[in-house]
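Report on one structure; see the data block that follows.
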Amino acid sequence: MDTDQQLHETDARGWRRGVYDDIKRTFRAPIVNWIFRTAMANEPEFTRYAWGQVKPLFETRAFARLTVEYRDAVLGELESETPISTYRAAEAGVSPAAYRELRGQLATYDVVAPRLAVLFETMDRALHDESVGADPAAGRAATEPFPEWLDRDRGHAPTLRDVENVPEALSETVESVQAFHGFDEGQLPSIYRTLAQWPAFFEPMWADLEPRLESDAFERACGRTDDLVGSFVDAAPYRPRLGPDDLERAGFDEGTVTGAQELFGQFASGPVSTVLPALPAYAATVDATGERDLR
């Protein structure tokens, strides 16, 4: 797939726009992530089929529990010694209106982090005909509906700076971010392009959090979230039919299958594996994190 191609929400029409609306409703976030926009631009029929296969996994109480456990695993490890510093509007160097927007956008990333983690793991396994739902959970929560109230209407649609338009004053911060995650020059995940809209906040926030992210605590957090996601996928109550033979029977050619494997494979490991667990920590800096316990 050509990763430079995207079908943005404003350009989507017909059933494509309907899929986007369904993704936002199911993910409970006002955003259609890059992975969907790219897949839809390159292979729209495959994207519609694949979304129909994985959507049920995100609609259960067991998944709802995973989302709060994921968040708590990250913050519990990072705050094991001292709380994460919280910035008010004046401390963040932004106006009250900008601060509300900042909090809303970081809340959105906090919402999508566990959802993307499960999506990437599920798709990567299923596309390679590996285990999904090998030991389906037996409890009621496995198939009980996702609670209506959880993560509902928390976030704002993120806005982003283009990589080439990131302020020069942030160059050292951006280089530090890229080095930490292992991204090449010119590569900058959406969360950081969003944060770059508020340089007066981004720079000190990163300076404050970077030592925690480079610590053993964050390494433990990544391990715990990996285990949580892996266990959820192992115990999934539904098994998506996305293996190569399944896709061939559904009418997709080898090129489509290979392209999908490569696209989702790069997100199931590599630098993104440290980006997603960091998202709840960024939300915590403006007190925008969600629930950490689901009783």
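The values are calculated or read from the model by the stated rules, or taken from the named source; none is laboratory data. Just so it is clear, the model here is predicted, and its values are computed rather than measured. Note that we place each Cβ from the backbone using ideal geometry, even for glycine, and neighbour counts take in every protein chain shown. Remember, those area values only see protein heavy atoms, side chains included, never the ligands or the DNA or RNA. Shrake-Rupley method; radii C 1.70, N 1.55, O 1.52, S 1.80 Å.
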(request) Go through Ser85, Tyr282, Pro147 and say which Cα lies farthest out towards the positive end of the charge dipole of the chain; charges sit on Cβ, +1 for Lys and Arg, -1 for Asp and Glu. (result) Pro147
(message) I'd like the per residue volume of the convex hull spanned by the Cα atoms of the chain, given in cubic angstrom.
(response) 131 Å³
(message) Placing unit charges on C-beta atoms (Lys and Arg positive, Asp and Glu negative, everything else neutral), compute the dipole magnitude of the chain about its Cα centre in debye, rounded to 20.
(response) 1400 debye
(message) Using only Cα atoms and rounding to the nearest 10 degrees, what angle (0 to 90) does helix 171-181 make with the longest principal axis of the chain?
(response) 40 degrees
(message) On C-alpha positions alone, give me the angle between the axis of helix 254-268 and the longest principal axis of the chain, in degrees, nearest 10.
(response) 30 degrees
(request) Over region 161-236, average the accessible area per residue using a 1.4 Å probe and give it in Å², no decimals. (result) 48 Å²
(request) Quick one: pull the percent of accessible area on the chain belonging to carbon and sulfur, 1.4 Å probe, ligands and nucleic acids left out. (result) 44 percent
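If you take the Cα Rg of region 231-276 and divide it by 2.2 N^0.38 Å, with N the number of residues, what do you get?
With N residues counted in region 231-276, Rg over 2.2 N^0.38 Å equals 1.40.
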(request) Give me the number: length gained by fully extending Glu148 to Gln187, i.e. 0.36 nm times residue separation minus the C-alpha to C-alpha distance, one decimal in nm. (result) 10.4 nm
(request) On a C-alpha basis, how far is the centre of region 217-295 from the centre of region 125-194 in Å? Whole number, if you could? (result) 9 Å
(request) Sum up the charges of everything whose Cβ sits under 10 Å from the Cβ of Ile84, counting Lys and Arg as +1 and Asp and Glu as -1, but leave Ile84 out. (result) -2
(request) Would you mind calculating the relative contact order of region 1-152 from Cα pairs under 8 angstrom and at least 6 residues apart, reporting the percent as a whole number? (result) 32 percent
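Pick out, in residue order, every one of the GluC sites (Glu not before Pro) in region 242-295 that is DSSP loop and has at most 16 other C-beta atoms within 10 Å; say none if there are none.
When the GluC sites (Glu not before Pro) of region 242-295 are filtered for loop state and at most 16 Cβ neighbours within 10 Å, Glu291 remain.
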(request) Return the loop-located trypsin sites (Lys or Arg not before Pro) in region 1-108 (DSSP other than H, G, I, E, B) with at most 14 other Cβ atoms within 10 Å of their own Cβ; answer none if there are none. (result) Arg13, Arg88
(request) Could you point to the residue in Gly223, Ala236, Leu247 farthest towards the positive end of region 206-295's charge dipole, with +1 and -1 charges on the Cβ of Lys/Arg and Asp/Glu respectively? (result) Ala236
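With a cut-off of 8 Å between alpha carbons and a minimum separation of six or more residues, what is the relative contact order of the chain in percent?
Answer for the chain is 34 percent.
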